[in-house]
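Below: the structure, in structure tokens.
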Amino acid sequence: MEFFIAILASILSDSAPIIFASLGETLNERGGVINLSVEGTMLLSAMAGFAVAFTTESLVLGFLAAMIVGAIVASLVAFGSITLKRDQVAVGFILTLVAGDLSSFLGVPFVRVPGPQIESLPIPFLRDIPFIGPVFFERDIITYLSFALIIGMWLWFYKTQPGLQLRGIGERPEASFARGGNVKLMRYIYILLGGALIGFAGAAFSLHVKLGWSHRATAGFGWIALAIVIFGGWDPLKVAFGAYLFGALRASATTLQSSGLEVPVQVFPLLPFPLMILTLVIFNSRGLDRVLNYLPLGARRALTRLLRSNPPAALGTHFEQE
Amino acid sequence: MRVELKNIHKHFGAVHANNDVTLTVEGGSIHGLLGENGAGKSTLMKVLSGYIHADGGEISLDGKKLKRFNSPADALRHGVGMLHQDPLDFPPMTLLDNFILGCDASLLQPRARAEKEFRELCQQFNFDLDTNAFVSDLTVGERQQLEIIRLLWLGARTLILDEPTTGISAPQKIKLFATLRQLAADGKSVIFVSHKLEDVEDLCHRVTVLRRGQMAGEAKSPFVTERLVQMMFGQQLNIGKRPNVELGAPVIEFDHLTLKDDRLTVPDISLSVRMGEVLALAGLEGSGQQLFLQACAGLLPPSAGQLRLNGIDLTRKPYENFLRAGIAYMPADRMKEGLVPGLSIEEHIVLAKRGKKDALIDWTRTRQTATAQITDFNIKGIPTTRVEALSGGNQQRTLLALLPPDLKLLALEHPTRGLDIESTLYIWGKLLERRKQGAAIIFASADLDEVLQYSDRILVFFGGRVIETVRSSETSVEQLGYLIGGKKQ
Ligand SMILES: Nc1ncnc2c1ncn2[C@@H]1O[C@H](COP(=O)(O)OP(=O)(O)O)[C@@H](O)[C@H]1O
Ligand SMILES: [Mg+2]
């Protein structure tokens, strides 16, 4: 039991960076813009966050710096794709390369220096709840924030009017415009917010999970965050589920490895990918629709809502109002 | 609400889509806006509902002058709402989400209140809509109903419907008309945009007819159909006078051919077209002409029946076989389907070469051919001119120049749409030369004068069916106008 709790707890806190990055990307893509620069942004902000926290000895400033870096990279994506109407994928890809290299170049003085880190912060009373307490409430502020973000973003999307408008903009900008939405402005805002979250994810990496800075420290997590957004069907809860699933698979790899089992460890980090492809194939197939059609109406709608994972229809397109 | 549009002008590049249009709609009435495809109806209504800004003119509501609306939302705040030809909604969302999106709530979605008022509106109009259903599962008719109650909920007092009867079933149309009558009886004004005579005559109290961006006239119910047809299509009655050409053996034969795509079925066509014959396909856009042309060209396999070319069965054979049999197809969208933007005239000549191709391109010879073709077809360009830099007329000439020499059948979609008179005449000159050499020509056109002037026979399509086959020498623009609108005399 102890062991199990420890594993769950480590999955939750180790997944925080991926949660922030994939939810940040979810926010962008729901608005209709792909920010492909996640990996590069995370690298640059991980470096910047660590450097600032190290020099100023303030974690808050470190995270703030990382968020600003994320927002700056995102503003380039926004400017290139919304204002200049360049291809979003191309702009994001170039930025990911540039930001990644920049992080290596600027980060040289900070490589493998020990620096500050987030302390754990158990929550009184809640921590005493059996099982739940030790798993969820003996963590740290970053992990708590990741919980809050998941729930908050879900509420924003499905319970608030601006969130509904956001979904509309990614789905059919011309119809959103017809209903009074300022498509370009909102896209800008959400890209900057999403970028800030991705930046936050970078700092969560260097100041929380994989302490310190080294060359290419994020090791492809940015790309994984992008894949998890697709896996999660652009829904905050499902994206979070995907992120935790990924975390769980990685944790099992480590555990099995330490228990001396003869399994090639490389297999586990790779597992999520075939799993994702499989889910995508199943959930987007016509076969599923046919099966669903046999169900009673209520169950069918609930399941459709749960399983449907169509990308926002206007993802990657430009909007020009007449 | 009384709506007035005064002296509205709107240009799209060289197209004068609205030319000094003035329109008054009284409160409590249903006002028709009638005109052919491209007459400028949608443009005018987009001006009235704030989607686009007019280049000139003014709008007044209940006598109060406004320069213009800034946006659709602005128009709706003033009480003007529009239903688009393709409903502007969000298919993956639920009806309730769609209903709420765009309302003036600032933070939380007013779901409970909206749901209650949604139900009340449905009850009032006898609509059967479920707030939890997804819009993607609705028919077009139901999506219209959703938009209607949504706009009313947001305070619309003038409702514009752009071609609402395209794509809905007969019972839904009856329901829609009942709804619109009910709205007018409540004092709302309804503007009903259509190219279908029958619908306008059924429903409207008054009608304004647009032709080529200009007002062609107004009429009050009860309508005289001939007058409406005259206003829609212009007055000249043009009995075709074509040089007679001896018709030869059948080139293409259709035997109980049925064509289908996901929107339309064209059932049971039996027909043969002979050497030297010109067959025109008339009808409103999307009535089946395009499917027919694509089937002739081998791009759309028929779902039933047979198609023979020069006596050889080509039913469901690959496109290659059609090419080899001597068929050429010219699509309407020159830049999208006909030419490759970014490539030059000479590069197109290389691409279009049929038969055996060499691995290396002989540029010297290609350039000679290109120069010869450019002179022959009077194209304003040089071999290295990129096709997108050519004007519409020159693009069309380039397409013609690319056709191989000994064709048996030319299938043309709107061969002269958007071209000036000089280019039109030139292109028809070239086409008729082919016909003299024994090729058959099948073309679709929205221009009835063109149809009458150049064809021997006319197939009139309506809603996917061939409702009439007429000889061009025995019909008139007026009669064709009736037929296209779905009216047999
Ligand atoms: N956004 C646009 N850009 C360029 N041309 C346009 C645009 N909208 C309409 N047009 C042109 O304006 C004319 C009138 O179009 P429209 O108002 O859609 O006609 P209708 O609704 O009567 O069929 C057509 O020649 C059309 O090609
Ligand atoms: Mg129109």
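The values are calculated or read from the model by the stated rules, or taken from the named source; none is laboratory data. Values in this document were obtained by computation on a predicted structure and should not be read as measured data. Positions of Cβ are backbone-derived with ideal geometry, glycine not excepted, and every protein chain shown enters the neighbour counts. Note: areas computed on protein heavy atoms with side chains; ligands, DNA, RNA excluded. Shrake-Rupley method; radii C 1.70, N 1.55, O 1.52, S 1.80 Å.
For this structure, a couple of remarks:
- Considering the stretch B:44-72, the residues that are of a type in the set (S, T, N, Q) and surrounded by fewer than 23 Cβ atoms within 10 Å (Cβ to Cβ) include one that is nearest to ligand 1 (Cβ to nearest atom), namely B:71.
- Residue match in the stretch B:25-43 (condition: assigned to a strand (DSSP E or B), out of contact with any helix residue (DSSP H, G or I) (no Cβ under 8 Å at 6 or more places or on another chain) and away from ligand 1 (no atom under 13 Å from the Cβ)): yes
- Residue match in the stretch A:154-174 (condition: away from chain B (no Cβ under 14 Å) and under 14 Å from the mean Cα position of the chain (by Cα)): no
Listed here are the residues, each with its yes/no results for (1) open to solvent by less than 10 Å² (accessible area, probe 1.4 Å); (2) within 25 Å of residue A:236 (Cβ to Cβ).
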{"site": "A:106", "(1), (2)": "no, no"}
{"site": "A:115", "(1), (2)": "no, no"}
{"site": "A:123", "(1), (2)": "no, yes"}
{"site": "A:133", "(1), (2)": "yes, yes"}
{"site": "A:144", "(1), (2)": "no, yes"}
{"site": "A:157", "(1), (2)": "yes, yes"}
{"site": "A:170", "(1), (2)": "yes, yes"}
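- Among residues of the stretch B:165-180 being out of contact with any helix residue (DSSP H, G or I) (no Cβ under 7 Å at 6 or more places or on another chain) and more than 16 Å from residue B:149 (Cβ to Cβ), the one that is modelled with the highest pLDDT is B:174.
- Residue within the stretch B:204-220 that is in contact with a Cys (Cβ under 7 Å, 6 or more places away or on another chain), touching a residue at least 24 places away in the same chain (Cβ under 8 Å), more than 16 Å from ligand 1 (Cβ to nearest atom) and more than 14 Å from chain A (Cβ to nearest Cβ) present: no
- The stretch A:1-23 residues that are closer than 13 Å to residue A:202 by Cα, paired with ones that are of a type in the set (Val, Ile, Thr) and open to solvent by 30 Å² or more (accessible area, probe 1.4 Å) (beta carbon under 9 Å, 6 or more apart): A:14/A:209; A:15/A:209; A:16/A:209; A:17/A:209
- Neighbours by Cβ (under 9 Å, 6+ apart or cross-chain): first from the stretch B:35-47, in contact (Cβ under 8 Å) with a residue 40 or more places away in the chain and more than 14 Å from residue B:72 (Cα to Cα); second more than 7 Å from ligand 1 (Cβ to nearest atom) and of a type in the set (Ser, Thr, Tyr): B:35/B:194; B:35/B:208; B:41/B:194
- Any hit, the stretch B:397-417, residues being under 25 Å from residue B:470 (Cβ atoms) and free of Cβ contacts under 8 Å to residues at least 60 places away in the same chain: yes
- Residue within the stretch B:226-235 that is open to solvent by 20 Å² or more (accessible area, probe 1.4 Å) and within 26 Å of residue B:50 (Cα to Cα) present: no
- Complete set of residues in the stretch B:3-26 that are within 14 Å of chain A (Cβ to nearest Cβ) and more than 16 Å from ligand 2 (Cβ to nearest atom): B:11, B:13
- The set of residues in the stretch B:450-475 that are in contact (Cβ under 8 Å) with a residue 60 or more places away in the chain, open to solvent by less than 60 Å² (accessible area, probe 1.4 Å) and within 17 Å of residue B:272 (Cα to Cα) comprises B:455, B:456, B:457, B:458, B:459, B:460, B:461, B:466, B:472.
- Selection count where residues are within 12 Å of chain B (Cβ to nearest Cβ) and without any contact (Cβ under 8 Å) to a residue 24 or more places away in the chain, scope the stretch A:300-319: 5
- Selection count, the stretch B:130-147, where residues are farther than 22 Å from residue A:234 by Cβ, within 29 Å of the chain's Cα centre (by Cα) and within 12 Å of chain A (Cβ to nearest Cβ): 2
- Taking residues in the stretch B:57-76 that are within 14 Å of chain A (Cβ to nearest Cβ), and partners anywhere that are assigned to a helix (DSSP H, G or I), the pairs with Cβ atoms closer than 6 Å and at least 6 places apart or on different chains are B:69/B:75; B:72/A:178.
- Answer residue from the stretch B:188-211, given it is closer than 9 Å to residue B:30 by Cβ and not aliphatic (A, V, I, L, M) and is nearest to the chain's Cα centre (by Cα) among those: B:192
- Some residue of the stretch A:131-149 being farther than 17 Å from residue A:21 by Cα and free of Cβ contacts under 8 Å to residues at least 12 places away in the same chain: yes
For every residue, the table says whether it meets (1) surrounded by fewer than 18 Cβ atoms within 10 Å (Cβ to Cβ); (2) away from every other protein chain (no Cβ under 11 Å).
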position	(1), (2)
B:90	no, no
B:95	no, yes
B:103	yes, no
B:109	no, no
B:113	yes, yes
B:118	no, yes
B:123	yes, yes
B:128	yes, yes
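- Residue within the stretch B:419-435 that is in contact (Cβ under 8 Å) with a residue 40 or more places away in the chain and within 16 Å of ligand 1 (Cβ to nearest atom) present: no
- The stretch A:175-184: number of residues that are outside any helix (DSSP H, G or I) and more than 7 Å from every other protein chain (Cβ to nearest Cβ): 2
- With respect to (1) surrounded by 22 or more Cβ atoms within 10 Å (Cβ to Cβ); (2) within 13 Å of ligand 1 (Cβ to nearest atom), the lone exception for residue B:166 is condition (1).
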